[in-house]
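The block underneath contains the structure these notes are about, expressed in structure tokens.
The values are calculated or read from the model by the stated rules, or taken from the named source; none is laboratory data. Predicted model only: the values in this text are computed from it and were never measured. All Cβ positions, glycine included, derive from the backbone under ideal geometry; neighbour counts span all protein chains shown.
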Amino acid sequence: MKRKDIMVITSIAAGYNMIYNLYVMKALYYSIMIKGLNITHYQLGKLYSMYGILAMASYLCGALFLRIFPIKKLVYIPLFITAFISIFLATIPTYNYMLIMFGFAGFIIGSTFYLAHISILHNIGGLENQGKVFSTFFFMNSIFGSIFSLLGFTITSYISTSQGQIRFLFLFYGILTFISAIFSMYSLKYIEEKTENTEDNKFDLSQIKYIIKNKSLFIVILIVFSNYVAVANFTYLIPYLKYKFNFPEYILNIISIVRMYLIIIIASPIAGAITDRLQSAAKLMRISFLLYILSVVSLITISSNSPILSIVFCILICFIAYGGKSMAFITIDEANLKKQFYSIYI
């Protein structure tokens, strides 16, 4: 890959890590959020439900935005917006304002940054290097995540009150997101914008019919959805270890960082190398899905009474799922779908 491509991937990885700080905070700082915001588990669930519902609905707007607005702006403008949302949340507003802010963040991210960053990565390096591009992205994302989460845990350990801890975290991630937005403005100048007034970029009803009738697309959707479900199940691993074996908080924090970031540093490059070697992400999925199922069954049965084995299988589950997720979108190319509809597929 060229130097400018690496810079673009690095800025996208940093932006991805920062823009999803609200989403990631639940996994890393669950107890701090409950105590610091003075809310119940149910109320925290409602915040993330609002975030998730509006993010999901906003994907329908994403394809339109991607065709109307320059792709660079769909990266750094939402970064600026989420930075200010995070800084605003540091004031610890009323619960209703928090609901609005979480929902607004979900909508902005889903309708702009999500599709834009995947489209940029997909256009770097050509089909033969897709494994390398996406594995580099997830590798860099994990490096940033590991560093910032370690800093977050370290600094909050010196703050005596839960409210002080959550204020710091919102400010910390807000400022980092703002810096990431500025970095993206600089690095994405290397991205060449496509000309919008072409036949490929015109959108009409016949294109929708083509997409809906394409069976290959729904197979790709099932593959991507299955990978995201596998990763979403990580949410239950820490509570499982906590209530099953009563691990101390600092052990669970370490496992959280390993689960969220460190594993993917190894899993993603390996998955990328295998995908490029096989010239097929779909073949990788067949193997990863089977190994994932075996690992989950083993966690529940073989290791149910062994703390060490349970940790090992939890890490193995994360390793397999992250490897599959990092390559999931490459299956679009293998389905022989028309490239000009790529944003709509996503």
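Step by step: first the residues of region 217-253, then only those that are at pLDDT below 80 and in contact with a Cys (Cβ under 9 Å, 6 or more places away or on another chain), then the one that is farthest from Ile317 (Cα to Cα). Which residue is that? Here the answer is Ile238.
Given the condition in a helix (DSSP H, G or I), touching a Phe, Trp or Tyr at 6+ places or on another chain (Cβ under 8 Å) and without any contact (Cβ under 8 Å) to a residue 60 or more places away in the chain, answer yes or no: does some residue in region 6-19 qualify? Among the residues of region 6-19, not one is in a helix (DSSP H, G or I), touching a Phe, Trp or Tyr at 6+ places or on another chain (Cβ under 8 Å) and without any contact (Cβ under 8 Å) to a residue 60 or more places away in the chain, which makes the answer no.
When residues of region 3-27 are filtered for being over 14 Å from the mean Cα position of the chain (by Cα) and not acidic (Asp, Glu), how many remain? Walk me through how you get there before you give the answer.
So in region 3-27, the residues over 14 Å from the mean Cα position of the chain (by Cα) come out as 3-11.
After this cut, where a residue has to be not acidic (Asp, Glu) as well, the list is 3-4, 6-11.
Within region 3-27, residues that are over 14 Å from the mean Cα position of the chain (by Cα) and not acidic (Asp, Glu) number 8.
Can you tell me which residue among Phe183, Phe170, Phe137, Phe104 is part of a helix (DSSP H, G or I), more than 24 Å from Gly36 (Cβ to Cβ), at pLDDT 90 or above and aromatic (Phe, Trp, Tyr)?
Working: Phe170 fails: more than 24 Å from Gly36 (Cβ to Cβ); Phe137 fails: at pLDDT 90 or above; Phe104 fails: more than 24 Å from Gly36 (Cβ to Cβ).
Exactly one residue qualifies, and that residue is Phe183.
Of the residues Ser149, Ser135, Ser111, which single one is under 19 Å from Leu66 (Cα atoms), among the hydroxyl-bearing types (Ser, Thr, Tyr) and under 21 Å from the mean Cα position of the chain (by Cα)? From the options Ser149, Ser135, Ser111, the qualifying one is Ser111. Here region 93-126 is the region considered, the condition is being of a type in the set (Val, Ile, Thr) and buried (at least 16 other Cβ atoms within 10 Å of the Cβ), and the residue that is farthest from Ala328 (Cα to Cα) is Ile108.
Among residues of region 268-287 that are over 26 Å from Ile143 (Cα atoms), those with a beta-carbon under 6 Å from a residue that is among the charged types (D, E, K, R) at least six positions away or on a different chain give the pairs Ala282/Glu334. Restricted to region 281-315, and to residues there that are hydroxyl-bearing (Ser, Thr, Tyr) and either touching a His at 6+ places or on another chain (Cβ under 6 Å) or part of a helix (DSSP H, G or I) (or both), the residue that is farthest from Phe245 (Cα to Cα) is Ser288. Within region 41-89, the set of residues being surrounded by fewer than 18 Cβ atoms within 10 Å (Cβ to Cβ) and outside any helix (DSSP H, G or I) comprises Phe69, Pro70. Looking across region 238-278, just one residue is closer than 30 Å to Gly131 by Cβ and of a type in the set (Asp, Glu), and that is Asp276. Taken over region 9-28, the residue count meeting the criterion of being farther than 20 Å from Lys189 by Cα and surrounded by fewer than 24 Cβ atoms within 10 Å (Cβ to Cβ) is 8. For region 1-48, filtering for residues that are of a type outside the set (Phe, Trp, Tyr) and under 25 Å from Gly164 (Cα atoms) leaves 26.
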